[in-house]
Every structure is written in C-alpha cells, then in structure tokens.
Amino acid sequence: MHFTPTVNIPDNGGLICGFRLDATSKPQPLKLYAADQRSELPHEPHWLHFNLADTRATQWLNSCSLIPEDARDLLLDSDAHIRSENFDHSLALIIGDLFHDFKEDPEELGVLRLYLDNERLITGRGHPLKSVDRLRHELFEGMIFANSLDLFARLIYDIGDSMHKVIKDLNNRVDDAEDQILAGHLHNQGSELGRIRRLLARLRRHLSANRQALHHAMPHIARWSQHDISELRQAVEHLESTIQDLELVQERTRLLQEEIAGRMSEATNRNLYVLSIVTVTLLPINLITGIFGMNTGGLPWGQDDPSGFWWVIFFMVIAVITSLRILHRKRIL
C-alpha cells in the first residue's frame, strides 16, 4: 500500500500521527493506545506525534509509564528553552524548528519536544512546525526507517534542511541588495538589510542552541543506543554546515550595511564640500552688497552716478575670480 500526504489519521486523543517502523517495509499508521495498556503498545520501533495544545495528549503523556517521570516533565513543561536531558537508556530533548507557515518573521520560531529510546520516538508541539510535518509526509510517502534513532536522525536533518532553505532565500535577497548598492541605488536597501540581519540573528541563536543540545546528547546516545549513530552524526554535521552558511550571509549583510554607511557619508561629505566652495566664493559678494547697502552718506557711485551699478558688478566679478584663484592655488578647488 502506498501512502500519500493526503492520507488523514483520525484524531485519537490529541495524536497527530503514529507509525510503526520496519527496516523492510513502508511505515504503517499507528493508532493511539491507552497509556496504561503497556501490552498493547507495539514492540516494534514506532513514532507517536502529539498536539500538546490538546489536553487529551498531555493527559496521555502524563500517565504513560513507559516514559521516565523527568522526561514527562520536560515534554509537558511550558519552558521553551532548547536543551537536552539524558536518562539511563533514553533521551529527552527540546529542539528549535520553524513554524509551518513561516514567513520570514523572527517571531515564527517554535520548539519541538521529544523523547527517544531504542524502541520509540515520541514528539509533541504546541504550534504546527515545518520540519516535523515534513517528516510526517515523508513517512506517508513510504520512506523507510529501520528504528527510532534513524527516524530521529532524519528529523534533525529535516530541521537543518528547512533552516538551510530559508538561509538560501535570504542569501539571494542579499545578492539582489548588493547589486543595487554597487549600482548606487541605496534607497530602502539599509532597512531591507536590517530586517534580514534581525532574522539571521534569531535563526543563529536557534541553530546554535540546537547544535549545543545535540552535542550534549550525542555521547550519551552512543553509550545506550543499540543502533548505529552514523546517520545522526551526518545530520548534526549538516546542521553545523547550515550554521556556517548562516554566518557567511550574516557577515555579508554587515559588510553591505557598512558599504551603505560609507557611501552615504561620502555623499554627505561631497555635498558639504560643494556647499563650502559656494559659501567661500559668494562671501566677497555678500561683503560688497553689505557695504553698499548701508544707509550712510559718502558711498561712491551714488544715485547720481549712472555707471555706479556696473562698477559694483565689476568688483563683484573680480572678487569671485580672485576667490576662485586663491582656492585653486591652495589646492582646495
């Protein structure tokens, strides 16, 4: 049987989806069993994904004896701080992801809570998330996972890949902004780069926290896991390469903003230079008009002299030419 993303799993007490995992066949949808019915839970590796906004899901998790009490507390805690906690043969983790309807808003970053052991992966979220929904569709489409650890590794890879696609789009926007800046079109480019830098800063904090939590968990998983963790190591490396790409884009935006500031400062200095030249050039004219505008007697070329106006204009021209020659001799002009 072939499953597609359009297949709907009935709502079973807050369960979004559940799958049995098998190394030789496609994942099979799994219904939710009562938390106290240990014998009815599958012995094969499986995944249960819950909507934590549904009180039935929190009640099921709170009463599930297969999950250590401290792990249940982390799954149901309201604290969104990304972290990992290791137990004897299991792991509880809070990891960052993007909202399902992410639109490049720094506030549209959420967290996924999960519990992992050799038999099961149990996840929960309060808001629809992009990467975990992508993983759900991959299982509906028939992607095969041998065990819960391989599924967890794929989840980490999908988180890194979702972040990488956002960073790639931001990098393309930075390329467009760079072309505009180098062409001298600075209008609105500074504010656009500022929005990109703000989003990149938030993504970097999210990804760095994910990396730190996974690095803390990896040695513990290697000790108690019965499965090969090479896929998980590759997923973490992919996440780290995504962080490196993000840092490169972040550095480019910083340099471009400095370029904008430099060009605007250069334009301001050039305008001030022109204004200063005009002011110095017109200063003698202002002085002459000021003198001849005084309401005193004895001024030459008075109202009775018909050539007085042209003599004043002549001296103004001479004054301007003299000022320009002085500025040129001083290498100011």
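A few remarks follow.
- Search result, residues across segment 215-245 that are among the polar types (S, T, N, Q) and surrounded by 19 or more Cβ atoms within 10 Å (Cβ to Cβ): S225, T242
- Looking only at segment 298-327, and only at residues there that are hydroxyl-bearing (S, T, Y) and assigned to a helix (DSSP H, G or I), the one that is farthest from the chain's Cα centre (by Cα): T322
- Contact map, segment 49-67: residues that are surrounded by fewer than 17 Cβ atoms within 10 Å (Cβ to Cβ) paired with residues that are of a type in the set (D, E, K, R), Cβ distance under 8 Å, separation 6+ or inter-chain. Pairs shown: N62/R72; S63/D36; S65/D36; S65/R38; L66/R38; L66/R120.
- Selection count, segment 97-116, where residues are in contact with a Phe, Trp or Tyr (Cβ under 8 Å, 6 or more places away or on another chain) and assigned to a strand (DSSP E or B): 4
- Of the listed requirements (1) surrounded by 20 or more Cβ atoms within 10 Å (Cβ to Cβ); (2) within 30 Å of L61 (Cα to Cα); (3) within 23 Å of the chain's Cα centre (by Cα), I167 misses just one: (2).
- Flag if D11 is more than 18 Å from D117 (Cα to Cα) and at pLDDT below 90: yes
The values are calculated or read from the model by the stated rules, or taken from the named source; none is laboratory data. Predicted, not measured: the structure shown is a model, and the values here were computed from it. Note that we place each Cβ from the backbone using ideal geometry, even for glycine, and neighbour counts take in every protein chain shown.
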